[in-house]
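The values are calculated or read from the model by the stated rules, or taken from the named source; none is laboratory data. Predicted model, so just to flag it, every value in this text is computed and none were measured. A quick note on method: Cβ atoms are made from the backbone with ideal geometry, for glycine too, and the neighbour counts reach across all protein chains shown. Keep in mind that these areas ignore ligands, DNA and RNA; they rest on the heavy atoms of the full protein, side chains included. Shrake-Rupley method; radii C 1.70, N 1.55, O 1.52, S 1.80 Å.
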Amino acid sequence: MNNENEFLGWGDSFIAEESSFTLLPAGEYPFTVTGFERKIYDGNSTKIQNGTPYAEIEMEFTGAEGTTKVIDRLYMVKKWQWKLTQFFTGIGQAPIIGQPFAPNWGTVVGSRGRAKLLINEYTSQKTGKENKNNQIDEYLAPVANSGVVSQPTQQQTQPQQQGGFQPGAF
C-alpha cells in the first residue's frame, strides 16, 4: 500500500527528505509501470469533455542521471485509441491493428517497456516560475529478444474478454 498521501498532524514529526526529482534528457528509456488508477476527468479543457474516464499511469524511468517518475493519462475516447494501442503494444499486450482488443488492465502494474521521453517546459500556475518535467512522447514497440518488455505472469491465467473497445468497461 502506498502511503505517500497519508496526512501528517500539526504536532507530528516527519522524515526530512531532499527533493528526489530527476530530469532525464530527451531520449528513449526503459520504464516500469508502478501505479494505475481509474479516474474521471473533471478539469477545464476544450479537448477533453468532463466525465471522460481515463487511466492515470505512473511509470518509473531510469537513465544515467538517475530515476524519475512520469505520470501519463490514457483517455478512454475513440479519437485516442491510437495512444491506448501504443501503450498496450509497448507493455507487450500487442493489439492487432484493425481488430477489437480488450486490454488486461489487471496486469498493467509491474509491466515494463520502453518509451521516448521529451522535456516539457511550463510555467507554474501557483508560483509563475518556469519549470521542466519529462513527458511521454511515444511508447515504443518491443524489440525482439531485448528482454525489456515483460508482463506479470498472471496475464496468462486471466481470460481476455471478447468484443471491441468499450470505453466504460475499463
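So the check is Cβ under 7 Å with 6+ separation or different chains; which pairs have a first residue in segment 14-36 that's over 23 Å from Glu121 (Cβ atoms) and surrounded by fewer than 10 Cβ atoms within 10 Å (Cβ to Cβ) and a second one that's of a type in the set (S, T, N, Q) and modelled with pLDDT of 95 or more?
none
Please work out if Ser45 is within 22 Å of Val143 (Cα to Cα) and of a type in the set (Gly, Ala, Ser). Spell out the reasoning first.
Numbers: within 22 Å of Val143 (Cα to Cα): no; of a type in the set (Gly, Ala, Ser): yes.
The answer is no for Ser45.
Within segment 55-71, which residues are touching an Asp or Glu at 6+ places or on another chain (Cβ under 9 Å) and either open to solvent by less than 20 Å² (accessible area, probe 1.4 Å) or of a type in the set (A, V, I, L, M, F, W, C) (or both)?
Ala55, Ile57, Met59, Thr68, Val70, Ile71
What residue, among those in segment 85-119 that are in a helix (DSSP H, G or I) and open to solvent by less than 10 Å² (accessible area, probe 1.4 Å), is nearest to Lys132 (Cα to Cα)?
Phe87
How many of the residues in segment 106-130 are in contact (Cβ under 8 Å) with a residue 12 or more places away in the chain and out of contact with any strand residue (DSSP E or B) (no Cβ under 7 Å at 6 or more places or on another chain)?
Total meeting the criteria: 2.
Of all residues in segment 37-50, count the ones that are surrounded by 11 or more Cβ atoms within 10 Å (Cβ to Cβ) and part of a loop (DSSP other than H, G, I, E, B).
2
Only residues that are within 22 Å of Arg112 (Cα to Cα) and in contact with a Ser or Thr (Cβ under 9 Å, 6 or more places away or on another chain): list them for segment 21-56, please.
Listed by number, the residues that qualify are Phe21, Thr22, Leu23, Leu24, Tyr29, Pro30, Phe31, Thr32, Val33.
Assess whether Phe7 counts as being surrounded by 10 or more Cβ atoms within 10 Å (Cβ to Cβ) and of a type in the set (Phe, Trp, Tyr).
In short, no.
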